[in-house]
Amino acid sequence: MTMPSFLRATPAGAAQITLSSRTALGARVGRAVCSALVLAAPLALALPGSSAMAQAARASTAAAAAPEYGPPNGTLVIAGGGNLQGTGIMERFIELAGGPGARIVVVPTAGGNRDSKGALMKYDEADILKSWRARGLTNVHMLHTHDPAVANTEAFASTLQGATGVWFNGGRQWNIVDSYAKTRTYDAFHAVLARGGVIGGSSAGATIQGEYLVRGAVSGSDVMMSPEPEHQDAFRFLRRTAIDQHIDTRNRWNDLAPVMTKFPNLLGIGLSEGTAIVVRGDIFEVIGRGKVAVHDNTRKRTPGDSAYFTLSATDRYDMKSRQTIMPAGAARDRK
């Protein structure tokens, strides 16, 4: 299998380095850097050029605080498919986008670019946006093309200008890749986050947000790891992750296992239907009615332990430290 781009660029053998060893090394380096900065600070203030040294220290601190998983700005809402009514997921997304008057763009492309006979599929904007307008949204728009050449034009991507929310509908995630990967529209999606907006999606619209594209094979959604190189990279809104969906209703709880074996540096996230994670920086919160399965190769396990552990609504998880954030006074029981 051809490695996805996030591993192809590494030196030979780097794909076998586990996140735990990298984390331990990073922690040692981080402690050394912090100690050096503390010891150097008084001297820097007394020496010529101390302003430049102070700026360098601030830059180092900022780099250390930068998210490794989630976007530096903006928020992600990543839902596991199914009926989202009554879960609060859509309400949270709309709130994060700025409310009913916010400019929200809905992308139905995962539903298919061509039908079973090869004919181009057409989407009726009124039908796609009906449920959104029923919620009182007044500035909601559809964005779709089957043609990446069109998606690479400023005219097409301009629909995303000023948008504070983007939602990816469900279907097959490779259709989204075929239409928008490596285009101006792809860049415009990321720009929504850069200016503090929110990107959300359900089912295929969840998986597209990770780094590795789970179930990206054209042959069928039962194939976890696509043999097609062009269908192995997702859109990297949530970096260093592989995201699966429908894990409860389709018994996919441990389907991420081969992905985690092949790419042990990734964090695997499996989402139940009617369930979502809300991501800010390196921390996510679980909302909705079901469970989230977390596959973490750095977690200590004994023979017979499950390859994953589960989180439920209101639980919070730090992806960078690989730790569940427990409420004050609560016992830690998931790590």
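The values are calculated or read from the model by the stated rules, or taken from the named source; none is laboratory data. Every value quoted in this text rests on a predicted model; they were computed, and no experiment measured them. Backbone-built Cβ (ideal geometry, glycine too); neighbour counts: all protein chains shown. We work out accessible area using only protein heavy atoms, side chains counted, and drop any ligands, DNA or RNA first. Shrake-Rupley method; radii C 1.70, N 1.55, O 1.52, S 1.80 Å.
At-a-glance table
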{"item": "Cβ pairs under 7 Å, 6+ apart, first in the stretch 126-139 and of a type outside the set (A, V, I, L, M), second part of a helix (DSSP H, G or I) and surrounded by 11 or more Cβ atoms within 10 Å (Cβ to Cβ)", "result": "Arg135/Ile94"}
{"item": "Flag for Asp147 being out of contact with any helix residue (DSSP H, G or I) (no Cβ under 9 Å at 6 or more places or on another chain) and of a type in the set (Asp, Glu)", "result": "no"}
{"item": "Counted residues, the stretch 241-258 - those being closer than 16 Å to Arg299 by Cβ and surrounded by fewer than 19 Cβ atoms within 10 Å (Cβ to Cβ)", "result": "2"}
{"item": "Filter result for Arg195 (modelled with pLDDT of 95 or more, surrounded by fewer than 20 Cβ atoms within 10 Å (Cβ to Cβ) and among the basic types (Lys, Arg))", "result": "yes"}
{"item": "Residue list for the stretch 89-131, filter: under 23 Å from the mean Cα position of the chain (by Cα) and surrounded by fewer than 19 Cβ atoms within 10 Å (Cβ to Cβ)", "result": "Glu91, Glu95, Gly98, Gly99, Gly111, Gly112"}
{"item": "Residues that are over 12 Å from the mean Cα position of the chain (by Cα) and more than 14 Å from Val259 (Cβ to Cβ), drawn from the stretch 205-220", "result": "Val218, Ser219, Gly220"}
{"item": "Those residues of the stretch 198-222 which are hydrophobic (A, V, I, L, M, F, W, C) and surrounded by 22 or more Cβ atoms within 10 Å (Cβ to Cβ), in sequence order", "result": "Val198, Ile199, Ala204, Ala206, Ile208, Leu213, Val214"}
{"item": "Hits in the stretch 265-295 (condition: within 17 Å of Phe93 (Cα to Cα) and out of contact with any helix residue (DSSP H, G or I) (no Cβ under 7 Å at 6 or more places or on another chain))", "result": "Glu273, Gly274, Thr275, Ile277, Val279, Arg280, Gly281, Ile283, Phe284, Glu285, Val286, Arg289"}
{"item": "Residue satisfying all of: in the stretch 64-73; open to solvent by 20 Å² or more (accessible area, probe 1.4 Å) and outside any helix (DSSP H, G or I); nearest to Ile269 (Cα to Cα) among these", "result": "Glu68"}
{"item": "Any hit, the stretch 260-268, residues being touching a residue at least 40 places away in the same chain (Cβ under 8 Å), under 17 Å from Gly210 (Cα atoms) and in a strand (DSSP E or B)", "result": "yes"}
